[in-house]
Structure formats: C-alpha cells, structure tokens
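Peer 1: There's a structure below that I have some questions on.
The values are calculated or read from the model by the stated rules, or taken from the named source; none is laboratory data. None of these values were measured; they are calculated from a predicted model. Methodologically, a virtual Cβ is constructed for each residue, glycine included, from the backbone with ideal geometry; neighbour enumeration extends over all protein chains shown. Areas reflect the complete protein model, heavy atoms only, side chains present, ligands, DNA and RNA absent. Shrake-Rupley method; radii C 1.70, N 1.55, O 1.52, S 1.80 Å.
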Amino acid sequence: MPHVIVQATPNVTIKEPDSLLKKLNSTLWETGHFGSPQAIKARFVKLETFLVGVEDEQQAEGFVYIQLRLMPGRSQQIRDDLAEKLHACLKQELVEQQSERVSVQYCVEVVELTAAYKKQKI
C-alpha cells in the first residue's frame, strides 16, 4: 500500500509512462510515509473513450487523473501534502511534452480505503 492509479486521455502526450510511474513512486517514497518502496504500487491506464463537456470542440481538452489509495489513519495534512507532491511531479514530468493544441488538466485525488480492504502475499 499505497496504490497509484494514473488515467490519461488519448490526446495527452505521455512519451514514457513507465518513467512517469517510477517518478511518482519515488516522489511518494521520498516523503518517508511508507514502510518500503515495494509497498508502493502504480499503474497507468490509457483511456480509450472519454468526454470533456458536451460539445465537439471541447474534446481538444484532455486530462491526467491520479488517484492515490491509502489505508486509513493518515492526517488530512499528510494526505494534502502527498496530493500536492504528486501533482507537482506530474506537471513537472508532462507539461513540456504537450502539444499547444490540447489543454490538459492535471488532477490528483487521495482516497482513504475502508478497513474492509484486505491484502495477502502468497
């Protein structure tokens, strides 16, 4: 734990998704809030179908959305700090890769899992 899920619309340029995931994981690890680097799990999901707004010309807008899933117990301040660090990393890695034709929104959401979340290493 945690889980990092990155979703991106196809009109957003991400040249090296593996590198982006490594940077995001490193960013989280460097905060000191996690027991081991192996605890941080990340995945990248390229969205095939998406809609921004309701008009055709609005489809020139894209987004990258990160959801950070955490076990319960961290303060709001820590969750806010983790979100800010991921957001800054995301922008730093991707802003220069984008075309002038696409407006990109960068979003980070931190979700606290319920106690019902179970994991087991086999």
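Peer 1: Pairs only if they're at least six apart or on different chains, beta carbon under 9 angstrom, first in the stretch 77-93 and under 13 Å from Glu109 (Cα atoms) and part of a helix (DSSP H, G or I), second of a type in the set (Asp, Glu) and open to solvent by 50 Å² or more (accessible area, probe 1.4 Å); list them, first residue then second.
Peer 2: What qualifies is Arg79/Glu112; Ala83/Glu109; Lys85/Glu30.
Peer 1: Given the conditions (1) farther than 26 Å from Ala115 by Cβ; (2) open to solvent by less than 50 Å² (accessible area, probe 1.4 Å), which single one is not true for Lys23?
Peer 2: (2)
Peer 1: If you don't mind, there's one more thing I want to ask. If you go through the stretch 9-20, how many residues are at pLDDT below 95 and either of a type in the set (A, V, I, L, M) or open to solvent by 90 Å² or more (accessible area, probe 1.4 Å) (or both)?
Peer 2: Number satisfying all stated conditions: 4.
Peer 1: So, Phe34, is that one surrounded by 14 or more Cβ atoms within 10 Å (Cβ to Cβ), aromatic (Phe, Trp, Tyr) and farther than 15 Å from Val4 by Cα or not?
Peer 2: Against the criterion (surrounded by 14 or more Cβ atoms within 10 Å (Cβ to Cβ), aromatic (Phe, Trp, Tyr) and farther than 15 Å from Val4 by Cα), Phe34 does not qualify.
Peer 1: Condition first: outside any strand (DSSP E or B), modelled with pLDDT of 90 or more and closer than 22 Å to Lys91 by Cβ. Now tell me which residues in the stretch 35-75 satisfy that.
Peer 2: Ile40, Leu47
Peer 1: What number of residues within the stretch 89-122 are touching a Lys or Arg at 6+ places or on another chain (Cβ under 9 Å) and at pLDDT below 75?
Peer 2: Within the stretch 89-122, residues that are touching a Lys or Arg at 6+ places or on another chain (Cβ under 9 Å) and at pLDDT below 75 number 1.
Peer 1: Name the residues in the stretch 46-82 that are under 12 Å from Gln7 (Cα atoms), in contact with a strand residue (DSSP E or B) (Cβ under 7 Å, 6 or more places away or on another chain) and open to solvent by less than 60 Å² (accessible area, probe 1.4 Å), would you?
Peer 2: Leu47, Gly62, Phe63, Val64, Tyr65, Ile66, Gln67, Leu68
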